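FYI, it's all coordinate maths here, none of it is from the lab. Here the structure is a predicted model, which is why all the values come from computation and not from measurement. Virtual Cβ from ideal backbone geometry, glycine too; neighbours counted across all protein chains shown.
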Ligand SMILES: [Ca+2]
């Protein structure tokens with residue numbers, strides 16, 4: 001009788017082991033994606049270190065217009081400014097810190113006008129903000145007017161969005177065929193980075 005009990009017990013062990021083995025094999029059987037719950041990813045063929053294209057930063061080569069920056073010869077006026085950020089700050093040669101102009105908040109268009117004592121022939125302008133990353137990318141919309149008498153202005157460049165980004169030194173360069181002017185005016189209509197237009201330096205280039 002005792003022998004029969006042992007035989008029954010042995011049969012039971014074999015049956016349980018068989019069922020468990022089937023379940024284990026089923027859960028870990030290879031599928032079209034890999035082994036059971038494990039996903040197999042083929043290692044890429046790689047002979048040297050690689051960098052994903054999305055992490056490769058474009059190298060910006062600063063654009064330096066030909067000729068000379070003559071903005072120091074101009075009188076700079078605005079139609080208002082915010083706090084201490086007056087128009088004189090766009091021609092002090094400093095793009096850093098608080099040395100920038102900011103137009104009156106939510107009072108567009110904000111304008112900056114450069115007036116020369118005599119006619120000047122110009123072919124490029126550079127508008128700059130502090131290039132440091134703390135000055136994050138922003139889009140400013142502006143147009144450019146010119147005057148031959150310092151009083152009456154006509155549109156020279158229509159309103160357009162310009163991106164200022166630390167990836168490109170936070171500067172925008174406008175190059176154009178030579179024109180002779182007495183004054184140039186920037187009309188700002190929006191700035192995604194502040195409630196008023198912002199310019200740290202305004203450079204105007206002449207070959208003469
Ligand atoms: Ca400045």
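Sub-8 Å Cβ pairs linking a first residue in the stretch 43-66 that is surrounded by 10 or more Cβ atoms within 10 Å (Cβ to Cβ) to a second residue that is part of a loop (DSSP other than H, G, I, E, B), at least 6 apart or interchain, are 60/169; 62/169; 66/207, ordered by first then second residue. Can you name the residue in the stretch 75-93 that is in a loop (DSSP other than H, G, I, E, B) and away from the ligand (no atom under 11 Å from the Cβ) and, of all such residues, is surrounded by the fewest Cβ atoms within 10 Å (Cβ to Cβ)? It comes out as 84. The lone criterion from (1) without any contact (Cβ under 8 Å) to a residue 60 or more places away in the chain; (2) touching a strand residue (DSSP E or B) at 6+ places or on another chain (Cβ under 7 Å) left unmet by residue 165 is number (2). Taking the conditions (1) closer than 29 Å to residue 119 by Cβ; (2) away from the ligand (no atom under 16 Å from the Cβ); (3) not in a loop (DSSP other than H, G, I, E, B) in turn, residue 54 satisfies each one other than (1).
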